[in-house]
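I have placed the structure first, in the form of structure tokens, so that the comments after it can refer back to it.
What follows draws every value from the coordinates through simple rules; no lab data is involved. From a predicted model like this one, the values you see are computed outputs, not experimental measurements. In this analysis, Cβ positions are derived from the backbone assuming ideal geometry, glycine residues included, and neighbour counts consider all displayed protein chains.
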Amino acid sequence: MRWSSELSALSGGNSFVSLSSVHAGYDGEPVLVDITFKLKSPFFAVLMGPNGAGKTTLLRVIIGLLKPIKGDVTVYGVRPWERPEIVKEVIGYVPQLLLVRQDVPVRVEEVVAMGILSRLPPPRRLTRRVREEVSKALSMVGLKGFEGRLFNELSGGQKQRVLIARALIRKPRLLVLDEPCSMLDFKARCEIIKLLQKLHVERGVDILLTAHDISPCLTLEPTVILINRVVYAVGKLRDVLRPETLKLAYPGLTEVEGAIILGEDHVTG
Amino acid sequence: MLPVNAVLVPVYLAAVLSGLLAGSVSPALAYSKSVTFGITLMHSVLAGALTGVYLHDALHLPVNPLLTAVAMSLTASLLTAEAVARGFPEDAAVAISVSVSVSVAVIMTYVVALTTPYGVGKAFGYVFGVSALATWRDVVRLAAVLVIVIPLIHLFWCEFKYVAFDPEGAEAMGLPVRAYRYLYYFTASVAAASLAMSLGVLLAHIIITVPGLLALRAGSPNPFKLSYPVSIAVITSGYALAWFLNIPPSGGVGVIASGALVSLLVMKRGG
């Protein structure tokens, strides 16, 4: 079943995520300067850049958590700051695992259920219908039977999938993921990327994720937005990932035979 | 066997009600890593109580120190909430509140000592607690606070926990995170003021932290199964210990609560 057609009506049928001359930052200090790009649905896009490039800030602008200093943002025709309720309906957000507190004992079903309970008024209780939806969402990410487990007892990859299930239970048109592969081993990274590809192909969910590098497990050719406070390139993978383009966004880039070292510990082949 | 007579009935009842109050609010403080915030509230309660004593005893105004204590702890909690909302880390926000509260407490201690002959003694009553002198009026006051605090905590527990677990995710899903923070700070400050007035500021420091930290350490998704029995047990067994050792009840509760905290450390080292 594809969700995008059902949700496109919510946002007026417009199929673009578009940013025009966006300046954004904190306390009036811009982190991002003059960001302009347009993604046409269906898209699988990777926002790529080094640490401190403003990737998370850009995601926060798109999902409506941060108001841009200037410029215009529309998500499927809706400005996040004008109609946050619509944007929050069409976007499923998966924050960095690092920002989620691991010491709070929360069951997996509670985490996933909040995806739909947040749409309801208090008291927010786990009813039978909610539990059924939770099971479906967990099945989708390959974690059926994990409902009663504690979130902080799961592996990094499983935690990431639980957070994706929480976003999916809302049947989003766009899934926005902040560093979904960070702190994961190679196998877990591949599982996450394959899951996202499957959601994109089978469910028609648009994907926008941030990353330091491109996973070799990605078989689709994504749109890559290369940023480091400003946009350096937007385009298909093979057009953007060229040494001369990468050098602009990654100041510490070093070329070695058959590979590029991106200044930190990121290597792209 | 503890002594039983009509005078002591409100004392025992106040102990149980204080236990219920601590058991309800303590998990919210522990789960949201706001134990230091809870302790801040105690400083503000003291500052508020001293202000109340000054207004009542020196200026002869019809002011109840409990109300000024609640008002001061609410002010401190709102100051903390606003600082967090403006991007300060919670520990920095708490430090701002502490500095304001402690400044007021120090100034008011000086002013009270200067203007009323017995004001400082009265204020020390709030510091060390007068739980052995609890009256039916104290029982009614605690019951009234419980009627507000317990339903609020249980009605919004899911949201409080979720905001503590993943504030950014909660906000992205449309939960009014800021409103829940204010509600939580309000609930905590009302509970803290009431606990401090019945158990004393020093003892309330401990009793507000122990049940929640034990529940968090136990890793239970439903901390109230542990926090209510623990807090009631700590207070009532503290009273019993105080009676056997012939020390003030607050001292007995303090010994038991400290023992619970030490056992928490042992659990942590073992775990």
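Under the definition of partner shielding as Cβ atoms of other protein chains within 10 Å of a residue Cβ, what is the mean value for peptide A:112-119?
Numbers: counts 0, 2, 10, 2, 1, 5, 9, 3.
The mean count of partner-chain Cβ atoms within 10 Å per residue comes to 4.
Highest mean first, the peptides A:243-250, A:102-109 sorted by other C-beta atoms within 10 Å per residue fall in the order A:102-109, A:243-250. Measuring against 32 Å, Cα to Cα, the residue pairs A:LYS70/A:LYS194; A:LYS70/A:LYS136; A:LYS40/A:LYS247; A:LYS187/B:LYS225 contain A:LYS70/A:LYS194; A:LYS70/A:LYS136; A:LYS187/B:LYS225 as the ones spanning a longer distance.
Once backbone amide H atoms are built at 1.01 Å from N, A:LEU175 has A:GLY92, A:ASP206, A:ILE207, A:LEU208 as its partners under 5 Å, excluding neighbours fewer than 5 places away on the same chain. Using the Karplus relation 6.51 cos²θ - 1.76 cosθ + 1.60 with θ = phi - 60°, the per-residue 3J(HN,Hα) values for segment A:233-242 come to 6, 9, x, 6, 3, 5, 7, 8, 7, 10 Hz, with x marking Gly and Pro.
Unpaired Cys in the protein assembly as shown, meaning no second Cys C-beta under 4.7 Å: A:CYS181, B:CYS158. Amide H contacts for A:HIS23 (H built 1.01 Å from N in the peptide plane; partners 5 or more residues away or on another chain; cut-off under 5 Å): A:ASP34, A:ILE35, A:ILE69, A:LYS70, A:GLY71. Farthest toward the positive end of the dipole of chain B, out of B:LEU66, B:VAL112, B:GLY252, is the Cα of B:GLY252, where the dipole comes from beta carbon charges about the Cα centre. Centroid-to-centroid, using Cα positions, segment B:14-68 and segment B:185-261 are 14 Å apart.
Mind checking A:56-63 for the average number of partner chain beta-carbons within 10 Å of each residue's beta-carbon?
What the average comes to for A:56-63 is 1.
Ellipticity at 222 nm from helices only: DSSP H runs of n ≥ 4 in the protein assembly as shown, each -39500 (n - 2.57), divided by the residue count, give -18000 deg cm²/dmol.
Couplings 3J(HN,Hα) for segment B:204-212, derived from phi with the Karplus relation 6.51 cos²θ - 1.76 cosθ + 1.60 (θ = phi - 60°), are 4, 3, 7, 5, 7, 9, 4, x, x Hz, where x marks Gly and Pro.
Taking each residue of B:38-51 in turn, how many C-beta atoms of other protein chains fall within 10 Å of its C-beta, and what is the average?
Details: counts 0, 0, 0, 0, 0, 0, 0, 0, 0, 0, 0, 0, 0, 0.
Average per residue, whole number: 0.
Less than 5 angstrom separates the built amide H of A:LEU47 from those of A:LEU209, A:THR210, A:ALA211, A:ILE225, all sequence-distant by 5 or more or on a different chain. Hydrodynamic analysis of the protein assembly as shown uses the Kirkwood radius over alpha carbon pairs. Inserted into Stokes-Einstein at 25 °C and 0.890 mPa s, it gives a translational diffusion coefficient of 95 µm²/s. Evaluated at q = 0.16, 0.17 Å⁻¹, the base-10 log of the normalised Debye intensity for chain B, with identical point scatterers placed on the Cα atoms, takes the values -1.22, -1.35.
In segment A:124-216, which trypsin sites (Lys or Arg not before Pro) fall in coil by DSSP and have 15 or fewer other Cβ atoms within 10 Å? Working shown, then result.
Numbers: sites: A:ARG124, A:ARG125, A:ARG128, A:ARG129, A:ARG131, A:LYS136, A:LYS144, A:ARG149, A:LYS159, A:ARG161, A:ARG166, A:ARG170, A:ARG173, A:LYS187, A:ARG189, A:LYS194, A:LYS198, A:ARG203; in loops: A:ARG124, A:ARG125, A:LYS144, A:ARG149, A:ARG170, A:ARG173.
Passing sites in segment A:124-216 are A:ARG125, A:LYS144, A:ARG149.
Shown in residue order for segment A:41-46 are the 3J(HN,Hα) couplings computed by the Karplus curve 6.51 cos²θ - 1.76 cosθ + 1.60 at θ = phi - 60°: 5, x, 9, 10, 10, 10 Hz (x for Gly and Pro).
Take every DSSP beta bridge whose two residues both sit in chain A; close to 60 percent of them are antiparallel.
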